[in-house]
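The values are calculated or read from the model by the stated rules, or taken from the named source; none is laboratory data. This structure is a prediction, so every number in the text was calculated from the model and none was measured. Heads up, the Cβs are rebuilt from the backbone with ideal geometry, glycines too, and the neighbour counts pull from every protein chain shown.
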Amino acid sequence: MGDPTRASLLLCGDACRSEAYAALLAGERADLLLTDPPYCLLTRRRKGGDLRDPKGRKIDREPVVRFETVRDYRRFTAAWLPTAVRHVTSEALLIVWTNFLGKEPIVTEARSLGFTHLWGEFVWAKRTTESKGGEQLLRVYETALVLARRPPPAPTSADGPAAAAVVAGYDDDGEATRTGSHPHHKPFGVLEPLVRAYSRPGALILDPFGGSGSIAATALRLERRVATLELVPEWAARIETRLGSAAVRDR
């Protein structure tokens, strides 16, 4: 597919700040926004307001961001989503991964920006454990919202992802283990249908929340270009190593 250093841009920067996008994209607009922002994870509190014992729950594992209330998550969404949208083309779609608490805040903010059409949801049925009888247990928790400024096209065999849901484990391809086991890692098999369905080879995909670099790696593997922001320097460096791409620039 050619030299990946020309197909990928990476910046250690804040997805809520316009200057980060300006430095990353240098005036170019993305053809698709595909990203996996922090989820709306709420901390359980006792009646008196004290935090409950997290008991090792994943919500306290760095780099997971904890939002105390849905209102806090709305403020966060209102900070990053409009900033990112200013750097996509007029025809671009938004594909945003979330959990079920975050769906309504994201859809509401997207509608205020003109993305009034929810084309659908792409659900990850995450394979967890296997019972003694050989049955697979699936946890339906994460969904990608596909949002557009226009109504969906008339259905054809070429429109939309290959399936409305995909069954996959957290680390089917082994990339999570190799790249640090980021809690929001997505395997290639989960991201591939979205990238294939909603972008063409050579298109520029914007991911403001790079995480372990799964979206960027999938985009390059499918011959798309990608521009990625990641706030945490450690994870930005891991993305750089994973992609073998251009050097991480300072914020």
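Taking the conditions exactly as written (modelled with pLDDT of 95 or more and over 16 Å from the mean Cα position of the chain (by Cα)), does ALA163 satisfy them or not?
No: the conditions fail for ALA163.
Starting from residues that are among the hydrophobic types (A, V, I, L, M, F, W, C) and surrounded by fewer than 21 Cβ atoms within 10 Å (Cβ to Cβ), keep the ones in the range 236-247 and report whichever is modelled with the highest pLDDT.
ALA237
Out of (1) modelled with pLDDT under 95; (2) outside any loop (DSSP other than H, G, I, E, B); (3) surrounded by 22 or more Cβ atoms within 10 Å (Cβ to Cβ), what's the single condition that is false for PRO193?
All conditions are met except number (3).
Kindly check whether there is at least one residue in the range 107-130 that is surrounded by fewer than 18 Cβ atoms within 10 Å (Cβ to Cβ), in a strand (DSSP E or B), at pLDDT below 95 and of a type in the set (Lys, Arg).
For the range 107-130, residues surrounded by fewer than 18 Cβ atoms within 10 Å (Cβ to Cβ), in a strand (DSSP E or B), at pLDDT below 95 and of a type in the set (Lys, Arg): present.
How many residues are assigned to a helix (DSSP H, G or I) and either at pLDDT 90 or above or charged (D, E, K, R) (or both) if we restrict to the range 213-235?
10
Return yes when TYR73 is buried (at least 18 other Cβ atoms within 10 Å of the Cβ), at pLDDT below 95 and within 28 Å of ALA217 (Cα to Cα) and no when it is not.
Yes, satisfied.
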